[in-house]
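Worksheet: the structure to be examined is printed underneath.
The values are calculated or read from the model by the stated rules, or taken from the named source; none is laboratory data. Just so you know, these numbers come straight off a predicted model, no measurement behind them. As a convention, Cβ positions derive from the backbone with ideal geometry for all residues, glycine included, and neighbour counts pool all protein chains shown.
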Amino acid sequence: MSLLDSIKSKKQSLRSTETIVTLADGKKLRETKEKTEFLGVSYGFVVDTKPDKTPAKIIPNLYLGAQDCCEREVLDSYNLRVVLSVGIEPSVKYENVIYKYIECLDLPETDIKDVLNVAVPTIDEYILENNILVHCNAGVSRSCSVVIGYLILKRGFSYESALQACKDVRPCVRPNDGFEKQLKMLNSDTS
């Protein structure tokens, strides 16, 4: 039996399957061998159902957290006076708190340098006299990448030591693969 005949024979015994695909814009599709069916739209991110109201202190005056940390009692209890929102704006804004927003999708192809070009000067502007909260939706990828970028660019950390500084106080952090690659390159550019 030739290789081609062997492959054809094996192909005949394969079972058909279906796959649910979620695209970056939130569209859900069911794919089978015969067709692709549109299932609707869902969030482009994982919905976090557990409150996460504890900001993690990375260095003096710099905190990392989820959007739940933007609640009034959390801001007051940690004396957070500047909120840097990465990719998601707080639904409520309070007096005596400075809010800054940077658009950012949590996708590997998003250019994190563009985000850092805005975020790093913003953090620098306020960090000496204010506690700053850097947050995204879950406080896992986007906001952590901004904090790591700040530590690399302004505090001389290596990528690994910046990531570890974040993980030490917020173990769930994990820049997406594209951000991680870009931050490692950023680190090698500053070395």
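Matching residues to (1) part of a helix (DSSP H, G or I); (2) among the aliphatic types (A, V, I, L, M); (3) not assigned by TED's automatic domain parsing to the domain that holds Gly156:
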{"position": "Val21", "(1), (2), (3)": "no, yes, yes"}
{"position": "Pro51", "(1), (2), (3)": "no, no, yes"}
{"position": "Arg81", "(1), (2), (3)": "no, no, no"}
{"position": "Leu84", "(1), (2), (3)": "no, yes, no"}
{"position": "Tyr94", "(1), (2), (3)": "no, no, no"}
{"position": "Leu105", "(1), (2), (3)": "no, yes, no"}
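Kindly check whether there is at least one residue in region 95-112 that is farther than 19 Å from Leu186 by Cβ and polar (S, T, N, Q). Even if it seems obvious, please write down each step before you answer.
To start, the set of residues in region 95-112 that are farther than 19 Å from Leu186 by Cβ comprises 95-101, 103.
Within this subset, residues satisfying the condition of being polar (S, T, N, Q) are 96.
The answer is yes; a qualifying residue exists.
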### Message
Given the criteria of a type in the set (A, V, I, L, M, F, W, C), farther than 27 Å from Thr22 by Cβ and in contact with a Gly (Cβ under 9 Å, 6 or more places away or on another chain), does Leu153 qualify?
### Response
no
### Message
Could you check region 155-191 and list, in sequence order, the residues that are crowded, with 17+ Cβ neighbours inside 10 Å and modelled with pLDDT under 95?
### Response
Leu186, Asn187
### Query
Can you name the residue in region 91-118 that is buried (at least 17 other Cβ atoms within 10 Å of the Cβ) and touching a Phe, Trp or Tyr at 6+ places or on another chain (Cβ under 7 Å) and is also modelled with the lowest pLDDT among such residues?
Asp106
### Query
Going by the structure shown, is Cys144 under 12 Å from the mean Cα position of the chain (by Cα), closer than 16 Å to Leu64 by Cα and assigned to a helix (DSSP H, G or I)?
yes
### Task
From Leu75, Leu80, Leu64, grab the single residue that is within 30 Å of Asn131 (Cβ to Cβ) and in contact with a His (Cβ under 8 Å, 6 or more places away or on another chain).
Leu64
### Query
Which of the residues spanning region 1-26 are within 42 Å of the chain's Cα centre (by Cα), modelled with pLDDT under 80 and either surrounded by 10 or more Cβ atoms within 10 Å (Cβ to Cβ) or under 26 Å from Leu105 (Cβ atoms) (or both)?
Thr22, Leu23, Ala24, Asp25, Gly26
### Task
Go through the residues of region 1-16 one by one and say whether even a single one is part of a loop (DSSP other than H, G, I, E, B), outside the structural domain of Ile132 (by TED's automatic domain parsing) and touching a residue at least 60 places away in the same chain (Cβ under 8 Å).
no
